[in-house]
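Nothing in this text is a laboratory measurement; each read-out follows from the coordinates by a stated rule. Because the structure is predicted, anything quoted here is derived from the model rather than measured. Cβ placement follows ideal geometry from the backbone for every residue including glycine, while neighbour counts extend to all protein chains displayed.
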Amino acid sequence: MTKLALSHDILMTVEKPARYIGNEVNMTVKNIDDVDIRICMCFPDVYEVGMSHLGIAILYDMFNKREDTYCERVYSPWPDLHKIMKERNIPLFSLETQSPVKDFDFLGMTLQYEMCYTNILQILDLAGIPFYAKDRTEDDPIVMCGGPCTYNVEPVADFFDLVYIGEGEISYDVLLPLYKEYKALGKSKEEFLREASHIEGIYIPSLYDVLYNEDGTVKSIEPKYEDIPRRVKKTIVLDLSNTYYPDAPLVPFMRPINDRVTLEIQRGCIRGCRFCQAGMIYRPNRERSLEFLKDYAIRMLKNTGHEEITLSSLSSSDYSKLPELVDFLIKYCDERHINISLPSLRIDAFALDVMNKVQDIKKSSLTFAPEAGTQLMRDRINKGLTVDDILSGAGEAFRGGWNKVKLYFMLGQPFETDEDVLGIPELSELIANAYYEIPKDQRNGRVNINASASFFVPKPFTPFQWAPMDTEDEFRRKAYLVNDTMAKMHNHRSLSFQYHDEKTTVIEGILARGDRKLAKALVSVYENGGFFDAWTEYFDYQKWLDAFKEHDIDIDFYTVRERDLDEVFPWDVIDAGVDKEFLKKEYIKAKEGVVTPNCREQCNACGCLKLWRGGICLENKN
Amino acid sequence: MLADALNYGEGESVLKTRIKYAKTGPLQYIGHLDMLRSFQKIMRRAEVDIAYSNGFSPHQISSFAAPLGIGITSEGEYMDAEFNSISSPRDMIDRINAATNTPYLKVLGFRELKEGEKKAMAAVAAARYQISLRDDKYNDIFLKMKDGLDAFLNQDEIRIVKKTKKSEIELDIRPLIYECEFSYKTEHYEAFEIADHILDGKKLPDKDSVPTFSMFLSSGSENNLKPEAFLAELASFTSIEIDPIMLAIHRIDMYKKDENGGLTSL
């Protein structure tokens, strides 16, 4: 038995010791003496969150298929254990072999949301690895990262030796043999990173100088040597039906956030909503084949024993073989008492029919994501959903017995007026009216309409990357306006409204479009005890304000400033496939309230077709 | 398909069974509720013909005897499960053991319940434990406690104050202690070692002998005496302070009252 890194008394003291003992079902066991490369994959948040992440599951499976590599895992120790580890000098350890993270060749983190940035520092601190890449020695692991936040990794770029841009299935099969070769030859980390920078999708932040203008904006990003690419192009998998996918993912003993089989049916999205970063950076839309998905669904259910399967994608309704897939799953799962969950379905006759089969109508709710309250605003953000779509979908559902509706909105999107804000209670009221128009004996008690709003953060590589963000006060004002108006509606007893924390949004806004000047502030926040900022109970706004003040960082520069159309962005060093010119056009069209057709209707020349010949881009080529 | 191969019962009625298992090593830190969920997944992986409840979220029909506390190992856990069809006990055990996917959780026994037999949860009346020390630096403590053991057990009554959520009640625990002895015993074995030994007659590996208190205590919904509570009383009787964190507690088995008023294994 592998000796656990934590002693019995510690495991009996901390909350949920199951987070730290490994030994999960389907865990890969290897002998570290039999491999050349040791990789520790990290999701910098608590175990239950990290264990639910598909990306790491794919990479874990892919790395461990290599005979020369052993991939293990680590997650952020919860603050209770963090304190004990600091007091007793216990080094951060991997779950599989329960051995120090510092002894690995690579420490790879996935960056899924900005609010986990302080947890990057926690991981490095507990592992005994210097925060800044420049301070590390040959004895430290190569610290790398991937995931959506790496499309603007600049605020944390100084903490990483290597950044992987794009889908992980592609370049590790080049990177890892290179590492092995350099290690065997006794070459330095610096030599390895220099050579790695030539591999597709590999960005080495230390090999670039960022020059600034006097006003604080970026002047240019200069490669330090001639052989370093000016821009790093993301990698994508062109044939998603012929690639790595885990058929026996890990099954934790304690309940993870996502306690089910996740079947990723496609990547990318044809819709082109202008606020949505995922819809831009994961282009082009590529589907997995029906055969692939059926095969994996069966194998994954058998190998995990999960009692639920979910389809994962940005917009499941757009998957071209959805009816066939759903029919198959319903038949297979029904015989075996397995539940099916279908997120991100557009509510129409097909969806209602499927939901009727797989859910308990009494308990389930209809979900609509209008994202904005008026048609003009929905046109500005290119969300192709009309009031008629919503009312006809809801009406049909109400007649079928549903009486709960969830509505997702965003407040503070570019060009928003108070009229648009007021559209949120008005749309909620219209849906309630549609319910009460149904004769009393044909409906199911009172309707329950739950609207929720998040505050909009402009993200890199979207048409709104130039847009100013609302101030904290403005967010609050708009939320109160919705709330107060909601209370005055005729159907107010059927309506409810919730909104996100505006302070967290401000920090997210700074980090999302930030630059390398922010790294010092992040270190200050962490050193003053700030981490687990994605958790409301641990997020401490004042610590952030203090850190920005300490390092002369002007919050408004990053958040409320409207960027000049010709401004050089910190993330211009990355080539995400979509052209800046395309995004500019989209921004201008948003201002004018003009919609852009989706990729299936028409190619809008976003730039992807030039780079890759696959997915929706080819489907359209006629 | 799997039902065809396994179906040897003909009627529609379900088969009530009792499964005995061992849970050791790192899995001692997995809580009771997580074990319940994990068993549901194990049964699915094993592709056995377990019975489900009706409704939109069907769940397997199973229940467990006395929950095992976090940090305690056991080779005497029980769950009751209902099946639509079963094969031989040995085949059922092998299927489930192949599906636990861990050496630290293994089924040791599988039998059909007799007509009218009480559920494990309701039937449990006593349990046997072995308590040793997590570190031999504490050995002196056990040796001192051992010296006071006879005098402790010779008391007519042992009154303790039991704290409940609402009140404190005084309780005599002497009648709840059926046996307790001190000896040097081999450290407990891991689940897979016990399973290999019981099921296939494999030799148990050599292990060190360590100072151990073995005890047989009243258990169940009424008159439950926890082994660590008992040991704490013995310690305080011998004027010694112990911290439960020093202890390695291992449940050996659980018992029910039989027709003759005796106690037999569940």
Note to self: For chain A, take the longest principal axis of its alpha carbons; what is the angle in degrees between that and the long axis of helix A:79-88, to the nearest 10 within 0 to 90?
What the structure shows: 10
Margin query: Taking 8 Å as the Cα distance limit and 6 or more residues as the minimum spacing, I'd like the relative contact order of region B:2-122 as a percentage.
Written below: 43
Checklist line | region A:7-30 versus region B:8-69: alpha-carbon centroid distance in Å | finding: 22
Next item on the list: Work out how much length B:Ser57 to B:Glu179 would gain on full extension: take 0.36 nm times their residue separation and subtract the Cα-Cα distance, in nm to one decimal.
Entry: 39.4 nm
Note to self: Counting other beta carbons within 10 Å of each residue's own, what order do A:Ser52, B:Ser236 fall into, fewest first?
What the structure shows: B:Ser236, A:Ser52
Check: About the Cα centre of the protein assembly as shown, what is the dipole size in debye to 20, counting +1 per Lys and Arg Cβ and -1 per Asp and Glu Cβ, all else neutral?
Finding: 1580
Next item on the list: Report, to the nearest 10°, how far helix A:349-358 tilts away from the longest principal axis of the Cα atoms in chain A, using its own Cα long axis and a range of 0 to 90°.
Entry: 70
Checklist line | Relative counts (whole %) of C-alpha pair distances in chain B, using bins that are 10 Å wide | finding: 6, 27, 32, 22, 10, 3, 0
Check: Over chain A, what is the mean sequence separation of C-alpha contacts under 8 Å (at least six apart), divided by residue count, expressed as relative contact order in percent?
Finding: 14
Check: According to a simple spin-label model (label point 7 Å from Cα along Cα-to-Cβ), what is the distance in nm between B:Thr264 and A:Asp473?
Finding: 8.2
Next item on the list: Run the quick spin-label model on A:Asn31 and A:Glu592: label points 7 Å from Cα toward the beta carbon, then report their separation in nm to one decimal.
Entry: 6.9
Check: Here are some pairs, A:Lys180/A:Lys234; A:Lys331/A:Lys362; A:Lys3/B:Lys165; which of them have Cα atoms lying more than 27 Å apart in this structure?
Finding: A:Lys3/B:Lys165
Next item on the list: Using only alpha carbon pairs under 8 Å that are at least six residues apart, calculate the relative contact order of chain B and give it in whole percent.
Entry: 25
Notebook entry, point to check: Once both labels are modelled 7 Å past Cα along the beta-carbon direction, what's the A:Leu618-A:Lys584 spacing in nm?
Noted result: 3.2
Note to self: Ranking request for peptides A:323-331, B:42-50, A:604-612: highest mean number of other beta-carbon atoms within 10 Å first, then the rest in descending order.
What the structure shows: B:42-50, A:604-612, A:323-331
Note to self: What is the distance in Å between the Cα centroid of region B:144-196 and that of region A:226-302?
What the structure shows: 55
Next item on the list: Give the share of C-alpha pairs in each 5 angstrom bin for region A:8-233, from 0 to the last occupied bin, in whole percents, shortest bins first.
Entry: 1, 6, 14, 19, 20, 17, 11, 6, 3, 2, 1, 0
Check: At a Förster distance of 25 Å, what's the computed FRET efficiency of A:Leu422 paired with A:Ser364, Cβ-Cβ distance as r, to 0.05?
Finding: 0.30
Next item on the list: Would you mind ranking A:Ser312, B:Ser53 by Cβ crowding within 10 Å, fewest neighbours first?
Entry: B:Ser53, A:Ser312
Next item on the list: Check the straight Cα-Cα distances from A:Lys83 and name the aspartates and glutamates below 18 Å, setting aside those fewer than 8 residues away within the same chain.
Entry: A:Asp9, A:Glu15, A:Asp45, A:Asp125, A:Glu527, A:Asp533, A:Glu537, A:Asp540
Next item on the list: Please sort A:367-374, B:203-210 by packing, taking for each peptide the average over its residues of neighbouring beta carbons within 10 angstrom, highest first.
Entry: A:367-374, B:203-210
Margin query: Considering the Cα positions of chain A, please state its Rg to one decimal place and its Dmax as a whole number of Å.
Written below: 24.7, 80
Notebook entry, point to check: Are any of the pairs A:Lys86/A:Lys134; A:Lys233/A:Lys585; A:Lys30/A:Lys183; A:Lys86/A:Lys233; B:Lys23/B:Lys146; A:Lys30/B:Lys23 more than 30 Å apart by Cα-Cα distance, and if so, which?
Noted result: A:Lys86/A:Lys233
Check: Roughly what % of DSSP beta bridges within chain A run antiparallel, to the nearest 5?
Finding: 20
Notebook entry, point to check: Between A:Glu567 and A:Tyr408, what length in nm is gained on full extension when 0.36 nm per residue of separation is reduced by their alpha carbon distance?
Noted result: 54.0 nm
Next item on the list: Go ahead and run the numbers for FRET between B:Lys203 and B:Asp94, Cβ-Cβ distance against an R0 of 25 Å, rounding to 0.05.
Entry: 0.80
Notebook entry, point to check: What order, most packed first, do the peptides A:509-516, A:21-28 have when packing is the mean number of other Cβ atoms within 10 Å of each residue?
Noted result: A:509-516, A:21-28
Notebook entry, point to check: Helix A:117-127 sits at what angle to the longest principal axis of chain A, using alpha carbons and giving 0 to 90 degrees rounded to 10?
Noted result: 30
Check: Taking a threshold of 25 Å on the Cα-Cα distance, which of the pairs A:Lys219/A:Lys580; B:Lys16/B:Lys162; A:Lys224/A:Lys459 fall above it?
Finding: B:Lys16/B:Lys162; A:Lys224/A:Lys459
Notebook entry, point to check: Taking R0 as 35 Å, what's the FRET efficiency between A:Gln542 and A:Lys219 from their Cβ-Cβ distance, rounded to 0.05?
Noted result: 0.60
Next item on the list: May I ask for the distance between the Cα centers of region A:392-443 and region A:524-572, given as a whole number of Å?
Entry: 36
Next item on the list: Quick one: order A:His551, B:His250 by neighbouring beta-carbon count within 10 Å, fewest to most.
Entry: A:His551, B:His250
Next item on the list: Per residue of B:34-45, count partner chain C-beta atoms within 10 Å of its C-beta, then hand back the mean as an integer.
Entry: 5
Next item on the list: Determine the shielding of peptide A:297-308 by partner chains: average, over its residues, the number of Cβ atoms on other chains within 10 angstrom of each Cβ.
Entry: 3
Item checked: Percent antiparallel among DSSP beta bridges (both partners in region A:8-233, rounded to 5) -> 30
Notebook entry, point to check: Hey, which lysines would be in cross-link range of B:Lys144, C-alpha to C-alpha under 25 Å, not counting anything within fewer than 8 residues on its own chain?
Noted result: B:Lys185, B:Lys207, B:Lys226
